[in-house]
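Q: Questions regarding the structure given below will be posed in turn.
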Amino acid sequence: MPLKMDRITALVNEINQGLDDLRSGDVPTRVKLAQAAFKLNKALEDPREELIKSWLLDSTTKTVVMVALDIKLFRLLGTSPDEARSSTELAEATGAQKSLLSRLLKHLAAVSFIEETGPDKYYAGELAQLLGHQHMQDGLCHVQWMEKSLGALPAYLAEKNYQEPTDGLDCPAHKVFNTKLHMFEYIARDPQLARGFKAAVLSHEGLRRAHWATPAFYPTQERLLTGLKEDSVLLVDVGGGMGLDLLDLHHATGEQSNARLVLQDTEHILSSTDDLPPRIEKITHDFFTPQPIQGARAYYFHRVFHDWSDEKSREILLALKPAMTPGYSRVLIHDTVIPAQGAAPVSTMADLVMMCGLAGRERTEQDFTELLESVGMKVTGIYSRAPGEESVVEALLPE
Ligand SMILES: C[S@@+](CC[C@H](N)C(=O)[O-])C[C@H]1O[C@@H](n2cnc3c(N)ncnc32)[C@H](O)[C@@H]1O
């Protein structure tokens, strides 16, 4: 198979050119280089080998990781080269057969989950150390929920004549979990899944979230604080989970500020947010019902719209609209914005996961514009920290 030398050279050059910015800690560069390195890896592979590998490698790793978790292997490995342990020591500590362990360890080292310091000597790399923590193991439970939902997609689509799911009560996930409940309710009723959702989605340790309320991302000073009316709430975080984004704004606006911040979510979620500062007011609110806070400067939705179809998203916006002051209140939708070309794999992955579990979707700029215009709102800006990362779509109700 001839090597794609032009493509390989271009990608190597792109990576080389970004190294100085990378050293200075520039986040957009890191994201861009990670994408270039991903493409470089694909360009260097033999396509036949790559096809088989992309199918089987991840499954093999996941399987081995599950066995490792069952025998608590990651917690037994040291965390530095001088704490490296052998399969004999690990066999004694776990009770697993030494020859079996040495095969599992070799695979984990091959895929960089653990580090190898010499023949049969291993310690936990970054990934294994992360997996040694209980909250990451809880989070895996949510990832497995997503994976199972995705697995049902082929049969679901064949049955539905290849029409995308649009009903949150009838998704591929409903086939696997054999329920008629919306997945948010299904998850909330199962203590293990509920813990997994909180760990993977709502906590600091879960899915990475950028500090959104900073000038490098969304200019809160110019867009929200300048012109803030004295009697209005600064920001309502609708479906705001544990309030992490509000905490970000609380710090960004100065902890002494008395501009009001409101966290809204279901009772089930709000009841586990005990450690928020008193400035953050908590109000149980179903976002399909009329918004009780009138004329706030901003209504903020992070990873909310991607959970819902266009029809349901319109319902959420229409329930909010009467509370907005035209020309003043802003809607901030913090979600992935998929580019018209060259989407990052993590964005398309999230799109399909949302499709299978919730009949939700990640959206393009055009999708957001059409959605917001369909309820009489107008997009006034799209802000992001780096290409391929989540963006804040800002909209208002024209006067
Ligand atoms: C993907 S999570 C995002 C949470 C939060 N914005 C964040 O970024 O961490 C979606 C949130 O929407 C909440 N939610 C779902 N349905 C809701 C409803 N009808 N009314 C209010 N909140 C709801 C969930 O409880 C969950 O906290």
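The values are calculated or read from the model by the stated rules, or taken from the named source; none is laboratory data. Everything quoted here is computed from the prediction, not taken from an experiment. Cβ placement follows ideal geometry from the backbone for every residue including glycine, while neighbour counts extend to all protein chains displayed. Areas reflect the complete protein model, heavy atoms only, side chains present, ligands, DNA and RNA absent. Shrake-Rupley method; radii C 1.70, N 1.55, O 1.52, S 1.80 Å.
Q: If we keep just the residues of the range 193-251 that are outside any helix (DSSP H, G or I) and β-branched (Val, Ile, Thr), which is most open to solvent (accessible area, probe 1.4 Å)? Talk me through it step by step, then tell me what you get.
A: First, the residues of the range 193-251 that are outside any helix (DSSP H, G or I): 203-219, 226-243.
Now restrict to residues that are β-branched (Val, Ile, Thr): 214, 226, 233, 236, 238.
Values: 214: 46, 226: 78, 233: 5, 236: 0, 238: 2 Å².
Ranking the candidates gives 226 first.
Q: Grab the helices (runs of 4 or more DSSP H) fully contained in the range 57-140, keeping just those with 1 or more residues being hydroxyl-bearing (Ser, Thr, Tyr). Lay out the reasoning, then the answer.
A: Values: elements: 73-76, 87-94, 98-110, 126-131.
Answer list for the range 57-140: 87-94, 98-110.
Q: Out of 369, 380, I need the residue that is out of contact with any Leu (no Cβ under 9 Å at 6 or more places or on another chain) and either within 16 Å of the ligand (Cβ to nearest atom) or more than 26 Å from residue 183 (Cα to Cα) (or both). Which one?
A: On the way: 380 fails: out of contact with any Leu (no Cβ under 9 Å at 6 or more places or on another chain).
Selected residue: 369, the only one of 369, 380 that is out of contact with any Leu (no Cβ under 9 Å at 6 or more places or on another chain) and either within 16 Å of the ligand (Cβ to nearest atom) or more than 26 Å from residue 183 (Cα to Cα) (or both).
Q: So residue 125 passes all but one of these: (1) in contact (Cβ under 8 Å) with a residue 12 or more places away in the chain; (2) in contact with a helix residue (DSSP H, G or I) (Cβ under 7 Å, 6 or more places away or on another chain); (3) on the phi < 0 side of the Ramachandran plot. Which condition number does it fail?
A: (2)
Q: Count, please, the residues in the range 144-173 that happen to be surrounded by 14 or more Cβ atoms within 10 Å (Cβ to Cβ), in a helix (DSSP H, G or I) and over 22 Å from the mean Cα position of the chain (by Cα).
A: Of the residues in that region, 2 qualify.
Q: Pairs, please: C-beta under 6 Å, at least 6 apart or cross-chain, first residue open to solvent by 100 Å² or more (accessible area, probe 1.4 Å) and in a helix (DSSP H, G or I) and in the range 1-20, second among the hydrophobic types (A, V, I, L, M, F, W, C) and at pLDDT below 95?
A: Pairs that qualify, where the first residue is open to solvent by 100 Å² or more (accessible area, probe 1.4 Å) and in a helix (DSSP H, G or I) and the partner is among the hydrophobic types (A, V, I, L, M, F, W, C) and at pLDDT below 95, are 7/43.
Q: Separate question: Could you tell me how many of the residues in the range 264-293 are surrounded by 15 or more Cβ atoms within 10 Å (Cβ to Cβ), within 14 Å of the ligand (Cβ to nearest atom) and either more than 24 Å from residue 314 (Cβ to Cβ) or aromatic (Phe, Trp, Tyr) (or both)?
A: Going through the range 264-293, the residues surrounded by 15 or more Cβ atoms within 10 Å (Cβ to Cβ) turn out to be 264-266, 269-270, 273, 276, 279-282, 285, 287, 291, 293.
Subsequent filtering for residues that are within 14 Å of the ligand (Cβ to nearest atom) retains 264-266, 269-270, 273, 276, 280, 282, 285, 287, 291, 293.
Within this subset, residues satisfying the condition of being either more than 24 Å from residue 314 (Cβ to Cβ) or aromatic (Phe, Trp, Tyr) (or both) are 270, 273, 276, 280, 282, 287.
Within the range 264-293, residues that are surrounded by 15 or more Cβ atoms within 10 Å (Cβ to Cβ), within 14 Å of the ligand (Cβ to nearest atom) and either more than 24 Å from residue 314 (Cβ to Cβ) or aromatic (Phe, Trp, Tyr) (or both) number 6.
Q: Here's a check for you: in the range 294-309, which residue that is over 20 Å from the mean Cα position of the chain (by Cα) and away from the ligand (no atom under 13 Å from the Cβ) is farthest from residue 232 (Cα to Cα)?
A: Going through the range 294-309, the residues over 20 Å from the mean Cα position of the chain (by Cα) turn out to be 294-299.
From what's left, away from the ligand (no atom under 13 Å from the Cβ): 294-298.
Details: 294: 8, 295: 6, 296: 5, 297: 7, 298: 10 Å.
In this case the residue turns out to be 298.
Per-residue answers, yes or no, for (1) over 18 Å from residue 304 (Cβ atoms); (2) touching a residue at least 12 places away in the same chain (Cβ under 8 Å); (3) open to solvent by less than 20 Å² (accessible area, probe 1.4 Å); (4) not hydroxyl-bearing (Ser, Thr, Tyr):
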{"residue": "323", "(1), (2), (3), (4)": "no, yes, yes, yes"}
{"residue": "333", "(1), (2), (3), (4)": "no, yes, yes, yes"}
{"residue": "340", "(1), (2), (3), (4)": "yes, yes, no, yes"}
{"residue": "347", "(1), (2), (3), (4)": "no, yes, yes, no"}
{"residue": "351", "(1), (2), (3), (4)": "no, yes, no, yes"}
{"residue": "355", "(1), (2), (3), (4)": "no, yes, no, yes"}
{"residue": "358", "(1), (2), (3), (4)": "no, yes, yes, yes"}
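Q: Could you please let me know if residue 123 is closer than 29 Å to residue 359 by Cβ, at pLDDT 95 or above and not assigned by the TED database to the domain that holds residue 352? Don't jump to the end; show me each part of the working.
A: On the way: closer than 29 Å to residue 359 by Cβ: no; at pLDDT 95 or above: yes; not assigned by the TED database to the domain that holds residue 352: yes.
Judged against the criteria, residue 123 is not a match.
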